[in-house]
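Remarks on the structure that follows.
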Amino acid sequence: MQAANGNRIPSLGRQFVNMTKAAGRVTNAAIHGRTMIVPPEVRAQREAICKECPENLEGRCRKCGCGIRAQWLRKTHLATERCPLSPPKWIEWT
């Protein structure tokens, strides 16, 4: 896979970097006693937004590579994460 363009998702390397950064933010939240996981209704709302987004390519985001309902590479359930678009369609949850 090549970097996000047209009908492609980011490369595996870029997805790994994105996932590593997200893991760092979640770890930081845990260390500082902040919320790491959003409530089910927030996750469902985020997933609904992503599902209807024009950057959704068969359940994967063309900007960051995460999956809407994937077991791995999914950030809709993480309180520390935001949509990669500018402006974001959803932001960090506290």
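Residues in the range 64-81 that are surrounded by fewer than 16 Cβ atoms within 10 Å (Cβ to Cβ) and either of a type in the set (D, E, K, R) or assigned to a helix (DSSP H, G or I) (or both): ARG69 alone.
The single residue among LYS89, LYS63, LYS75, LYS51 that is at pLDDT 95 or above and either at negative phi or among the acidic types (Asp, Glu) (or both) turns out to be LYS89.
Summed over the range 49-94, residues that are among the aliphatic types (A, V, I, L, M) and over 21 Å from THR27 (Cα atoms) total 4.
Report yes if ALA3 is of a type in the set (A, V, I, L, M), assigned to a loop (DSSP other than H, G, I, E, B), modelled with pLDDT under 95 and more than 11 Å from the chain's Cα centre (by Cα), otherwise no. Yes; evaluated as a whole, the condition is true for this residue.
Tell me, which residue of the range 32-47 that is out of contact with any helix residue (DSSP H, G or I) (no Cβ under 9 Å at 6 or more places or on another chain) and of a type in the set (Lys, Arg) is surrounded by the most Cβ atoms within 10 Å (Cβ to Cβ)?
My answer is ARG46.
Taking first residues from the range 43-66 that are closer than 19 Å to GLU92 by Cα and touching a residue at least 12 places away in the same chain (Cβ under 8 Å) and partners that are assigned to a strand (DSSP E or B) and among the basic types (Lys, Arg), the Cβ contacts under 8 Å between residues at least 6 apart in sequence or on separate chains come to CYS66/ARG60. As a summary of the residue check, PRO84 satisfies the conditions (1) under 21 Å from ARG14 (Cβ atoms); (2) out of contact with any strand residue (DSSP E or B) (no Cβ under 9 Å at 6 or more places or on another chain); (3) assigned to a loop (DSSP other than H, G, I, E, B); (4) not basic (Lys, Arg) except for the one numbered (2). Evaluated against (1) in contact with a Phe, Trp or Tyr (Cβ under 8 Å, 6 or more places away or on another chain); (2) among the polar types (S, T, N, Q); (3) modelled with pLDDT of 95 or more, THR80 falls short on exactly one condition, (1).
Answer yes or no: is there a residue in the range 6-25 that is part of a helix (DSSP H, G or I), in contact with a Ser or Thr (Cβ under 6 Å, 6 or more places away or on another chain) and at pLDDT 95 or above. Scanning the range 6-25, I find at least one residue that is part of a helix (DSSP H, G or I), in contact with a Ser or Thr (Cβ under 6 Å, 6 or more places away or on another chain) and at pLDDT 95 or above, so the answer is yes.
The values are calculated or read from the model by the stated rules, or taken from the named source; none is laboratory data. Only a predicted model underlies this, so the values are computations on that prediction, with no experimental measurement involved. All Cβ positions, glycine included, derive from the backbone under ideal geometry; neighbour counts span all protein chains shown.
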